[in-house]
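Written out below as C-alpha cells is the structure these notes cover.
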Amino acid sequence: MTPLPEEEIRRRQRSRAKVMALLLGLFALLLFAITIAKMSVNQ
Amino acid sequence: MTSLPISETTAIPADWRDLLALTKPRVMSLVVFTGLCGLLAAPVPVHPVLAFAAVLCIALGAGAAGALNQWYEADLDAKMKRTAGRPLPAGRMGRQTALHFGVGLAVFSVVLMDLAANHLAAAILAVSILFYVLVYTVWLKRRTAQNIVIGGAAGAFPPLIGWAAATGDVSTLPILLFAIIFLWTPPHFWALSLFVRSDYAAAGVPMLPVVAGLDTTRRHVLLYTVPMAAAAVAPWALGLAGWIYGAVALALSAAFLILALAVAANRATEPKQMGPEKRLFAFSILYLFGLFAALVADKWVLA
C-alpha cells in the first residue's frame, strides 16, 4: 500500500467516525424497536 | 486533547466505502431476497420489526462471509480481471482490517439474530457463514472442480434462515427451497465460468471448464438443470404451494432448460461467441428471483 498524506488519513478517520456514529444510532433504535416488538408479541 | 502526529508507519484507515465493497453488496441482493421470501412464505405472521431485523441479520451474515472470503482470497482476486479492483488486491485496505471487519460482522449478525428471532435461526446463520468461509473458500475452492457443487449449499441457507426466524422450526417446504438454490448454483456458476475460464485458469482455480474442458462443463450444465427443475416444481407437486407458483415454476424451468440445451449445443471456444452461456447466466438470476417471488405471491393471493 502506498503511504497517504496525513490530511487524507484524517479525512478518512473523520468520515469513518461519522458513519460509525450513524450506525450506532441506528443500532440503538433497532434494539429499542426489537424490545417493543417482542413485548407486544409476548402479550 | 491534542491529536498525535501520524507517522508513516501508522496503519492507513480503510475508506468506509471499501469496507462496504468487502461485503459484496450485489451478491447480497439475491441472498436478502431469498431470505425474505423464506420468511414471508412461512405459515405464521411475523412482527414487521422482527422480520426486518431477521432479514438485516441475513444480509449482515452474508456480508461477513463475503468479507472473510475476500480476506482469504486476496491473492486469487489479484490474478483475475473480474476481481483485481476489489479493495484488498487493489491495495486500498490492509488484510487485518478485512479480517477484523468480517469476524466482527459475523459475530454481530448471529448475536442480533438470536436476540431478534430465535436460537435455531441464529444457529443456521452461524453454520451458513462457517460453511461459506471454511468449507467453500478455504477447503474446496482451490482443491476440486466440484467446489461449487458442495459450496452451493452456503448460498442456499437464506430461505431456511428466514423460515426458521418466523416459525422456530424447519419443515419440508424450506428444505425444498434450500434444494432449489443448492441445485441452481452449479449451472449458474458453470455458465459464468465458461466465459471467464481464462480468468480462473490464470488464478489456478480448478473450475470445471479449466480441468474438464468446455464440452464436459456444458453437459454438466444441462445435467444439473434437470434435478434443479424437479426441485423447483416439487413444492407445487407436493401440495405445499398453489397453482400460481406451479405455473411460474413450470414456465421458468422450461425456459431454463431451453437455454441450457442451447449451451449444451454450443461449440464456441471464444468468450465473444458464448452468447448462450451469457444468456443462461443472466436468466438464471432472473429465474431465482421469479421463483421465490411467485412463492410469496402464491401464498398472498391464494391464502
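The values are calculated or read from the model by the stated rules, or taken from the named source; none is laboratory data. Fair warning: this is a prediction, and the values are worked out from it, not measured in the lab. Methodologically, a virtual Cβ is constructed for each residue, glycine included, from the backbone with ideal geometry; neighbour enumeration extends over all protein chains shown.
Computed values, structure above
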item: Selection count, region B:259-276, where residues are among the aliphatic types (A, V, I, L, M) and exposed (fewer than 13 other Cβ atoms within 10 Å of the Cβ); result: 1
item: Tally of residues being in contact with a Ser or Thr (Cβ under 7 Å, 6 or more places away or on another chain) and modelled with pLDDT of 90 or more across region B:1-42; result: 1
item: Among the candidates A:Arg11, A:Arg16, residue that is surrounded by 13 or more Cβ atoms within 10 Å (Cβ to Cβ), more than 9 Å from chain B (Cβ to nearest Cβ) and part of a helix (DSSP H, G or I); result: A:Arg11
item: Given (1) closer than 30 Å to B:Ala265 by Cα; (2) modelled with pLDDT of 95 or more, index of the condition B:Phe195 fails; result: (2)
item: Neighbours by Cβ (under 6 Å, 6+ apart or cross-chain): first from region A:26-43, more than 13 Å from B:Leu112 (Cβ to Cβ) and at the interface with chain B (Cβ under 7 Å from one of its Cβ atoms); second β-branched (Val, Ile, Thr) and surrounded by 11 or more Cβ atoms within 10 Å (Cβ to Cβ); result: A:Ala37/B:Val49
item: Breaking point among (1) under 17 Å from the mean Cα position of the chain (by Cα); (2) assigned to a helix (DSSP H, G or I), for B:Asp75; result: (1)
item: Verdict on B:Ala260 being in contact with a Ser or Thr (Cβ under 6 Å, 6 or more places away or on another chain), outside the structural domain of B:Ala41 (by TED's automatic domain parsing) and touching a residue at least 60 places away in the same chain (Cβ under 8 Å); result: yes
item: Qualifying residues in region B:28-46 (those that are buried (at least 18 other Cβ atoms within 10 Å of the Cβ) and outside any helix (DSSP H, G or I)) - the one nearest to the other protein chains (Cβ to nearest Cβ); result: B:Val46
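Residues checked against (1) within 23 Å of the chain's Cα centre (by Cα); (2) not polar (S, T, N, Q):
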| position | (1), (2) |
| --- | --- |
| A:Pro5 | no, yes |
| A:Arg12 | yes, yes |
| A:Arg16 | yes, yes |
| A:Ala21 | yes, yes |
| A:Leu24 | yes, yes |
| A:Ala28 | yes, yes |
| A:Ser40 | no, no |
